[in-house]
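Some notes on the structure that comes next.
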Amino acid sequence: MLMICLVLGLRAQDTTFKTLPSITITPSSTVSKEVTKSFQHSFPEAKKAMWWKLNENYLVKFITTDQTNRALYKGNGELIYHLRYGQEKNLPNDVHKLVQSYYPHYNISSVLCVNQDQREIWVINVENDKKLVVVRVEEGQLDEVDNYNKS
């Protein structure tokens with residue numbers, strides 16, 4: 001009886017595949033004036049900008065001081081999001097203190113700052129000899145996203 005229920009249960013599962021819309025990524029040497037103007041205004045210190053066209057949007061990878069950045073723009077120059085990859089020294093003091101208060105015996109190994117829709121979200125990797133923990137900080141609220149045991 002148990003086998004019949006299992007077999008019928010397997011048959012009842014939805015086995016259809018859902019496909020995501022395709023995205024076309026191409027290197028772009030021509031970027032619209034609106035996007036260029038917006039980028040230069042937002043990131044005047046940017047160096048080594050490399051552009052790609054993603055359907056109707058533009059993705060740029062660039063460097064500022066000691067951080068790698070990515071930003072996605074709409075064709076009209078509107079910034080969709082900005083990502084900054086960094087290290088412990090790139091954290092604001094309040095975020096750094098908050099993380100250290102929850103994880104005092106851990107080292108901060110990498111940080112990512114996501115700016116989108118007027119939000120600033122920090123994704124931070126902290127680790128010690130035994131664990132790697134991924135935390136998220138937004139508006140003074142710390143949430144543990146994931147943790148892994150090191151082998």
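The values are calculated or read from the model by the stated rules, or taken from the named source; none is laboratory data. On a predicted model such as this, the values are computed, not experimentally measured, just so you know. Positions of Cβ are generated from backbone atoms using ideal geometry, with glycine treated the same way; all protein chains shown enter the neighbour counts.
Whenever a residue of region 83-100 is within 12 Å of V137 (Cβ to Cβ), its partners that are in a loop (DSSP other than H, G, I, E, B), lying with C-beta atoms within less than 7 angstrom and at least six residues away or across chains, give the pairs L98/G140.
H41 meets all of the listed conditions (1) within 22 Å of D117 (Cβ to Cβ); (2) assigned by TED's automatic domain parsing to the domain that holds G140; (3) over 20 Å from the mean Cα position of the chain (by Cα) but one, namely (2).
So how many residues does region 8-64 have that are surrounded by fewer than 16 Cβ atoms within 10 Å (Cβ to Cβ) and at pLDDT below 85? So the count comes out to 22. Would you check if I63 is assigned by TED's automatic domain parsing to the domain that holds E144 and in a strand (DSSP E or B)? For I63, the condition - assigned by TED's automatic domain parsing to the domain that holds E144 and in a strand (DSSP E or B) - is not met. Against the condition assigned by TED's automatic domain parsing to the domain that holds D129 and without any contact (Cβ under 8 Å) to a residue 60 or more places away in the chain, how does N115 come out, does it pass? Yes: the conditions hold for N115. Among all residues of region 115-130, there is at least one that is surrounded by fewer than 18 Cβ atoms within 10 Å (Cβ to Cβ), over 30 Å from E78 (Cβ atoms) and not polar (S, T, N, Q).
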